[in-house]
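These notes concern the structure reproduced below.
Just so it is clear, none of the values below were taken in a lab; they were calculated from the coordinates. This structure is a prediction, so every number in the text was calculated from the model and none was measured. All Cβ positions, glycine included, derive from the backbone under ideal geometry; neighbour counts span all protein chains shown.
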Amino acid sequence: MLDDRRKDEFGLLAYYFNQAEHKLKHLALHDSLTGLPNRLLFQDRLQQAVAMAKRHDHKFAVFFMDLDNFKIINDTMGHEAGDELLKEVALRLAGTGRKMDTVARLGGDEFAFIINKVDGIEDAVSFARRLNQLLKTPITVNGHNINMGSSIGVTICPDDADNSEELLRNADIAMYQAKDNGRNTTCFFTREMNVRLQQNKEILTDLAESLLQGHFELYYQPLFTIDHKTLVGAEALIRWHHPEKGMIPPDKFIAVAEQSGLINELGDWVLAQACREIKTFVNVGIVDIKVAINISPVQFRRKDFLQHMLLILEQHDVSSNFIELEITEGAVMDNVDQAIDMMKALHDAGFQLAMDDFGTGYSSLSYLKRFPIQKVKIDRSFITDLENDDDSKSIATAIIQMSHSLGLDVLAEGVETEAQLQYLQGEKCDYVQGYYTGRPMPASQFIEKFRRAKDTSLANETAVSIITT
């Protein structure tokens, strides 16, 4: 800095130069929208906090906070409204810390905190409660009251790590675990999370390689009318034959694929493979095929989702009239109106629609009549103990009756006993699938079995349900 204490023109020049330099430094180290410290300044203060903790043998906490569903605000109300929301959130957060603490905006809707001199987890829990309480009061933007939630990850120095890079990474990992736990919650970092992260990275690498090498296959589980006499479809489940690790079940890799975005490529493979097998089914005499593909929420939210689906069908010369899309409740509830618009566009393009895993997302009940769907699938969790659990019976019956009143067909999945089948028959469920009526099988075995069934007039129509989970 130049000496601006002089009383002549050089002193005045030095004053203005120093002011400009100070302003430039501030802009370089602070977020231009909220005025909070930015990532660069946060990392510098985090390094200082680590050094002070080592010197004075005390603990501090690092918080990583992400606003839940902020993207929806930007998409539905515009980026200007999103910016106003971020500024109001920043004002609230800025009042939470002590002078020796740091509150920063790392970018987008991500905020981070350094809470110095904590005695342990209890102090960190107390601060997390304050953060949650701050965001409980709705934020008014453009005349709209917005209820914001947040997912928070917490790590303690030196208990979890003693360097700035690991601490920030640990808090980030814990934040994503909070989102997986249902959002609007706080999660503390554990060593198991880091182990799981490394495992997920390995799975992701193997997934990408297996997609290139063709290590996947579709199995088909037959679907029958409720009288268990007429084949009307099959649920095709993806199988991963890893060349070294053997068969890897879907519950070990689908979530990883969704988190990474690789689910889009995996979904493309499923649709393309389904198209190839549709032609094979038709060629052997299994005709009138209807293919229903379970769509991941990640796929469903793609802006070019419809155009991308139609492109794959065109490449394989298969009409959209052959396809039934299975959409989970979780895919539509983040933004119901936008989801309905997408479903209408899909239906207008010739796709049939089904609501998968119905009953697990209670909030969609009031919207069901607005969804342009033709079928409801009762989640297997309500079928598993159907013969012994009165609540499961009540829920299954209510879903069947409500769906029928809206003109929708009902399919019960996961049927494994004669008693379950008989109860569903008594309640006039339309379709059934599960281990009791038929286990999943490779496409070649499915063709061999039901080509013979076709010859004996046991299968006049076939619908093929393709899902990735």
One-quarter of the Cα convex hull surface for segment 269-382, in nm²?
7.4 nm²
As an exercise, take the mean of 1/r over every pair of distinct alpha carbons in the chain, invert it, and state the Kirkwood radius in angstroms.
25.8 Å
Cα shape, segment 68-156, gyration tensor, a/c 1.5 rule
prolate
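What does the charge count near Lys245 come to, summing +1 for each Lys or Arg and -1 for each Asp or Glu among other residues with Cβ under 11 Å from its Cβ? Before the final figure, lay out the partial values.
Details: positive: Lys252; negative: Glu202, Asp206, Glu244.
Net charge in that neighbourhood comes out at -2.
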Cα convex hull of segment 213-467: mean projected area in nm², to one decimal?
13.7 nm²
Do the alpha carbons of any pairs in Lys117/Lys201; Lys344/Lys377; Lys252/Lys377 sit beyond 25 Å of each other, and which pairs?
Lys117/Lys201
Tell me the net charge near Pro440. Cut-off is 15 Å between Cβ atoms, Pro440 excluded, with +1 for each Lys or Arg and -1 for each Asp or Glu.
-3
Which percentage, to the nearest 5, of the DSSP beta bridges contained in segment 213-467 is antiparallel?
35 percent
Nearest 20 debye, what's the magnitude of the dipole of the chain about its Cα centre given +1 on Lys and Arg Cβ and -1 on Asp and Glu Cβ?
840 debye
Zero-based 5 Å bins, Cα pair distances in segment 115-243, whole percents
2, 8, 12, 13, 11, 10, 9, 9, 9, 9, 5, 2, 1, 0, 0
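How much net charge surrounds His79 when only the other residues with a Cβ under 13 Å from the Cβ of His79 are counted, with Lys and Arg +1 and Asp and Glu -1? Mind showing how you got there, number by number?
Numbers: positive: Lys71, Lys87; negative: Asp75, Glu80, Asp83, Glu84, Asp109.
Result for the local shell: -3.
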With contacts defined as alpha carbon pairs under 8 Å and 6 or more residues apart, what's the relative contact order of the chain in percent?
14 percent
Among rounded, prolate and oblate, which fits segment 174-215 when a ≥ b ≥ c are the square roots of the eigenvalues of its C-alpha gyration tensor, a/c under 1.5 means rounded, and a/b larger than b/c means prolate?
oblate
Its Cα gyration tensor gives segment 57-110 an equivalent ellipsoid whose semi-axes in whole Å, largest first, are 27, 12, 7
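Sorted by mean Cβ packing within 10 Å, highest first, what order do the peptides 77-89, 128-140, 164-176, 281-293 take?
Most protected by this proxy first, the peptides run 164-176, 281-293, 77-89, 128-140.
Could you tell me what percent of the DSSP beta bridges with both partners in the chain are antiparallel, to the nearest 5?
On the way: 40 of 72 bridges.
Restricted to the chain, the bridges split so that about 55 percent are antiparallel.
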Could you tell me how far the Cα centroid of segment 352-428 sits from the Cα centroid of segment 74-124, in Å?
43 Å
Quickly estimate the mean residue ellipticity at 222 nm for the chain, helices only: each DSSP H run with n ≥ 4 gives -39500 (n - 2.57), and the total goes over all residues, rounded to 500.
-14500 deg cm²/dmol
For segment 31-189, just the Cα atoms, rotate onto the principal axes and tell me the three extents in Å, largest first.
50, 32, 22
